[in-house]
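Data block below; observations after.
The values are calculated or read from the model by the stated rules, or taken from the named source; none is laboratory data. Remember, predicted model here, so these are calculated numbers, not experimental data. Virtual Cβ from ideal backbone geometry, glycine too; neighbours counted across all protein chains shown. Just the protein is used for accessible areas: all its heavy atoms, side chains included, with ligands, DNA and RNA removed. Shrake-Rupley method; radii C 1.70, N 1.55, O 1.52, S 1.80 Å.
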Amino acid sequence: EIILSSLQSSGKVAVVASEENDLPVWMCDDGPYVVVTDPLDGSRNIEVSIPTGTIFGIYDRLVELDQLPVEEKAQLNSLQSGSRLVAAGYVLYSSATIFCISFGAGTHGFTLDRSTGEFVLTHPSMQIPPRGQIYSVNDARYFDWPEGLKKYIDTIRQGKGQHPKKYSARYVCSLVADFHRTIIYGGVAMNPRDHLRLVYEANPLSFLAEQAGGRGSDGKTRILSIQPVKLHQRLPLFLGSMEDMLELESYGDVQQKVNPGYDV
């Protein structure tokens with residue numbers, strides 16, 4: 001509600017698509033921008049004080065659609081390919097409040113100074129290390145994974161992959177937190193199931209990953225090249241260091257396409 005209210009009062013936003021709404025919300029006819037957002041990522045973690053976050057992406061409004069009915073132009077504006085993003089970012093609510101954003105010229109991190117209420121540039125031109133030593137995934141699902149993903153994880157855990165060190169597992173189950181750590185330390189953060197949303201999770205974070213020298217993929221295809229067909233479209237998501245991502249994708253069978261009995 002806070003985010004929607006702020007965007008409404010800005011006068012800059014034509015339409016907002018959010019995880020919290022079934023359909024996009026049309027705000028004004030002359031707003032130049034389209035915002036897609038997951039306003040509270042990791043919300044299940046609130047009660048146990050684990051980090052949460054906000055994810056967003058910003059597009060230019062497609063003026064060529066202005067004559068269409070409101071519902072139709074709201075939907076089509078919200079289903080733009082990630083390659084058309086003009087900005088994307090996330091906020092991490094944790095021991096510090098971190099705001100990372102890219103306008104297509106690098107990824108930059110700011111930290112909230114609580115004494116002044118201002119965000120201070122603390123991480124200019126962030127770069128994901130070309131290779132890390134951490135993987136982030138729900139290992140409890142190991143026995144449901146496809147063989148390619150099992151083989152990849154087994155290999156890097158034993159230090160038998162392209163990087164001759166044994167990888168460690170770190171998993172918060174808050175996408176923003178796992179992704180932020182991956183940007184800083186390198187490695188791969190992943191969910192191999194058709195679980196994460198293309199429009200307002202995968203696209204913005206893949207944009208940030210690429211701007212920091214990394215890669216976002218569904219295990220086969222560059223995320224930003226995928227054309228959304230539904231607002232809440234789900235897909236597997238792999239984000240991280242370029243060399244780690246290319247090694248992972250080389251195993252081929254890494255997408256988990258079965259859901260044996262646990263909730264989405």
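Of all DSSP beta bridges in the stretch 118-264, what percent run antiparallel (nearest 5)?
For the stretch 118-264, the DSSP antiparallel bridge percentage is about 65.
Just in the stretch 32-132: which trypsin sites (Lys or Arg not before Pro) are loop by DSSP and have at most 11 other Cβ atoms within 10 Å?
Within the stretch 32-132, the qualifying trypsin sites (Lys or Arg not before Pro) (loop, at most 11 other Cβ atoms within 10 Å) are R114.
Relative contact order for the chain: what percent, with Cα pairs under 8 Å and sequence separation of 6 or more?
The value is 19 percent.
With θ taken as phi - 60° and the coefficients 6.51, -1.76 and 1.60, list the Karplus ³J(HN,Hα) couplings across the stretch 93-108 in order, rounded to whole Hz; mark glycine and proline as x.
So the Karplus estimates, Gly and Pro as x, are 9, 8, 4, 10, 9, 10, 10, 10, 8, 9, 10, x, 9, x, 10, 10 Hz.
Please go through the stretch 1-87 and write out the GluC sites (Glu not before Pro) that DSSP classes as loop and that have at most 16 other C-beta atoms within 10 Å.
Qualifying residues, ordered by number: E1, E20.
For the stretch 165-180, in order, what is each residue's ³J(HN,Hα) by Karplus, 6.51 cos²θ - 1.76 cosθ + 1.60 with θ = phi - 60°, in whole Hz (x at glycine and Pro)?
After applying 6.51 cos²θ - 1.76 cosθ + 1.60, I find 10, 6, 7, 9, 9, 9, 9, 8, 6, 10, 4, 4, 5, 5, 5, 4 Hz.
Using the Cα atoms of the chain, I'd like the radius of gyration and the largest Cα-Cα distance, Dmax, both in angstrom.
18.4, 58
For a label point 7 Å from the Cα of S6 along Cα→C-beta, name the residues of the stretch 70-97 whose backbone N is under 15 Å from it.
Backbone N within reach: 88-94, 97.
Let a ≥ b ≥ c be the square roots of the eigenvalues of the Cα gyration tensor of the stretch 143-264; is it rounded (a/c under 1.5), or, if not, prolate (a/b larger than b/c) or oblate?
Taking the square roots of the gyration eigenvalues as a ≥ b ≥ c, the stretch 143-264 is oblate.
Quick check on the stretch 73-155: take the gyration tensor over C-alpha atoms, sort the square-rooted eigenvalues as a ≥ b ≥ c, and tell me if it's rounded (a/c under 1.5), prolate or oblate.
Because a/c hits 1.5 or more and a/b fails to exceed b/c, the stretch 73-155 counts as oblate.
Quick one: if you stick a label point 7 Å off each Cα along the C-beta vector at L65 and E20, how many nm between them?
Modelled inter-label distance: 2.2 nm.
At a 1.4 Å probe radius, which order do I223, I2 fall into by accessible area, largest first?
Heavy-atom accessible area, descending, gives I2, I223.
Per residue, how many Å² of accessible area does the chain show with a 1.4 Å probe?
On a per-residue basis, the chain sits at 47 Å².
Please label the shape of the stretch 1-158 as rounded, prolate or oblate, based on the square roots a ≥ b ≥ c of the eigenvalues of the alpha-carbon gyration tensor (a/c under 1.5 means rounded; beyond that, a/b larger than b/c means prolate, else oblate).
Judged from the Cα gyration tensor, the stretch 1-158 comes out prolate (a/c at least 1.5, a/b above b/c).
Along the Cα-to-C-beta direction of S94, a point sits 7 Å from the Cα; which residues of the stretch 36-63 have their amide N less than 18 Å from that point?
The answer is 40-56, whose backbone nitrogens lie closer than 18 Å to the label point.
Tally up the carbon and sulfur contribution to the accessible surface of the chain as a whole percent, 1.4 Å probe, everything protein left in place.
52 percent
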